[in-house]
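**Student:** First, the structure itself, so that you have it in front of you.
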Amino acid sequence: MQAMQLIRQRSPLVPVSLPDPVPGPRDVRVRVAACGVCRTDLHVVDGELPNPKLPLIPGHEIVGRIDAVGEGVDSLRVGMRVGIPWLGYTCGLCPYCRRGQENLCDNPQFTGYKRDGGYATHAVADARFVFALPKSGDDVHTAPLLCAGLIGWRSLVIAGAGENIGLYGFGAAAHIIAQVARWQGRNVYAFTSPGDQKGQAFARSLGACWAGGSDEAPPVLLDCAIIYAPVGALVPAALRAIRKGGRVVSAGIHMSDIPSFPYSTLWEERGIMSVANLTREDGSSFFALAPKVGIRTQTITYPLAEANAALSDLRHGRFEGAAVLVP
Ligand SMILES: [Zn+2]
Ligand SMILES: [Zn+2]
């Protein structure tokens with residue numbers, strides 16, 4: 001198989017030819033049709049997330065078809081169209097797993113971080129953590145749902161049911177979740193980097209009733225806000241934009257330091273919460289919902305060999321929507 005591999009953090013991925021992986025017991029091997037490029041991949045490559053498996057094949061928004069199954073797999077068959085997400089394995093034994101919070105498992109493995117991922121022609125996954133997808137569908141447009149969609153969905157649920165919702169950082173996750181929130185009948189207020197007119201127009205085209213810079217105040221006090229950009233200064237900014245009792249949810253795995261702010265910004269039962277990983281239940285509920293919403297993802301495709309260019313364009317905000325690698 002062909003893959004793009006991270007040999008050392010803070011250095012570019014390198015193309016490699018490897019023997020086709022053999023699925024172990026309970027594993028499936030997937031022929032990759034498309035793999036989304038997530039900001040978390042950038043954090044892994046840039047060294048902001050510590051201790052990845054090395055060498056590592058990044059990528060955790062994988063859509064493909066099963067081409068081999070290991071011993072003991074009975075739920076999935078060769079030829080099935082599936083998605084492989086970030087949550088690659090949980091122990092099932094720790095207090096969090098037993099409490100139904102497998103996203104917080106003490107001994108997890110994450111795809112494209114602690115296990116090899118989808119920047120490749122083939123990927124192996126634990127069958128229990130693979131989502132069956134409808135037989136037909138556009139693989140490229142589905143790939144971003146596997147993380148931007150799933151983590152976005154989890155953060156939307158945790159943000160609560162308020163009518164006016166703010167989305168800070170209008171990238172892959174926000175452009176999906178804006179559509180879900182609109183479908184739910186809520187008003188979306190989109191915040192981009194100050195002066196990013198293109199990003200603001202993109203947000204309006206997806207139904208945002210207001211779009212502006214993150215340094216601007218929205219025209220109404222928001223019920224809740226979700227932060228998708230890895231910028232700590234957005235936490236106090238979002239707290240100032242929400243009403244009493246509102247909640248700010250930070251959805252990224254890494255963020256720059258949060259600057260100090262007066263207690264009065266948090267006072268009156270405003271809350272801050274982070275969202276970590278996903279559960280398989282998040283996946284089932286989101287993939288059941290997605291066709292009803294009719295989510296349309298905006299994607300830009302890169303050949304697998306151009307993974308470094310895709311990461312660089314993401315780092316510099318050179319596209320709207322989501323980047324997807326196609327082997
Ligand atoms: Zn566990
Ligand atoms: Zn991700």
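The values are calculated or read from the model by the stated rules, or taken from the named source; none is laboratory data. Quantities reported herein were computed from a predicted structural model and do not represent experimental measurements. Areas reflect the complete protein model, heavy atoms only, side chains present, ligands, DNA and RNA absent. Shrake-Rupley method; radii C 1.70, N 1.55, O 1.52, S 1.80 Å.
**Student:** Find the all-direction average of the projected area of the Cα convex hull for segment 252-327, expressing the result in square nanometres with one decimal place.
**Tutor:** Working: hull surface 34.3 nm².
Result: 8.6 nm².
**Student:** Largest first and in whole Å, give the semi-axes of the chain's equivalent ellipsoid, each being the square root of 5 times a Cα gyration tensor eigenvalue. Intermediate results must be reported in sequence, preceding the final value.
**Tutor:** Values: eigenvalues 214, 84, 73 Å².
The answer is 33, 20, 19 Å, longest axis first.
**Student:** Turning to a different aspect of this structure: Run the Debye formula on the Cα coordinates of segment 1-130, all scatterers equal and no solvent, and tell me log10 I(q)/I(0) at q = 0.21 1/Å.
**Tutor:** -1.22
**Student:** Given a 1.4 angstrom probe, I'd like the percentage of the accessible area of the chain that is carbon and sulfur, rounded to a whole number.
**Tutor:** Numbers: 7300 of 14040 Å².
About 52 percent, which is the carbon plus sulfur part of the accessible surface.
**Student:** Return the equivalent ellipsoid semi-axes of segment 200-327 as a descending list in whole Å, where each equals the square root of 5 times an eigenvalue of the C-alpha gyration tensor.
**Tutor:** Sorted largest first and rounded, they come to 29, 19, 17 Å.
**Student:** In terms of modelled amide H atoms, which long-range or inter-chain residues lie less than 5 Å from the amide H of GLY271?
**Tutor:** Correct list: GLY246, ARG247, VAL248.
**Student:** Here's something else I'd like to know. Would you mind calculating the relative contact order of segment 98-251 from Cα pairs under 8 angstrom and at least 6 residues apart, reporting the percent as a whole number? Let's see the in-between values first.
**Tutor:** Working: 213 pairs, mean separation 30.7, N = 154.
Normalised by residue count, the contact order of segment 98-251 is 20 percent.
**Student:** Relative contact order of segment 1-113: what whole-number percent is it, with Cα pairs under 8 angstrom and at least 6 residues apart?
**Tutor:** Details: 217 pairs, mean separation 27.6, N = 113.
This gives 24 percent for segment 1-113.
**Student:** Hey, can you find the accessible area per residue of the chain for me, probe 1.4 Å, expressed in square angstrom? If you can, show how the numbers build up before the last one.
**Tutor:** On the way: 14040 Å² over 327 residues.
Dividing the accessible area of the chain by its residue count gives 43 Å².
**Student:** For segment 211-225, what does the Karplus curve 6.51 cos²θ - 1.76 cosθ + 1.60, with θ = phi - 60°, yield as ³J(HN,Hα) per residue in whole Hz, taken in order and with x for Gly and Pro?
**Tutor:** 9, x, x, 5, 8, 9, 8, x, x, 10, 6, 7, 7, 7, 9
**Student:** Return the lysines within reach of LYS135: Cα separation strictly under 22 angstrom, same-chain partners fewer than 8 residues apart disregarded; answer none if there are no such residues.
**Tutor:** LYS292
**Student:** Determine which aspartates and glutamates satisfy two conditions relative to LYS114: a Cα distance under 14 Å, and not lying fewer than 8 residues away in the same chain.
**Tutor:** By straight Cα distance, LYS114 reaches ASP41, ASP106, ASP126.
**Student:** With only alpha-carbon pairs counted, each pair once and no self-pairs, how large is the Kirkwood hydrodynamic radius of segment 23-64 in angstroms?
**Tutor:** Numbers: mean 1/r = 0.0844 Å⁻¹.
This gives a value of 11.9 Å.
**Student:** Let me ask you something else. Counting only C-alpha contacts under 8 Å and six or more residues apart, can you give the relative contact order of the chain as a whole percent? Don't skip to the end; give the middle numbers.
**Tutor:** Numbers: 790 pairs, mean separation 61.1, N = 327.
Across the chain, relative contact order equals 19 percent.
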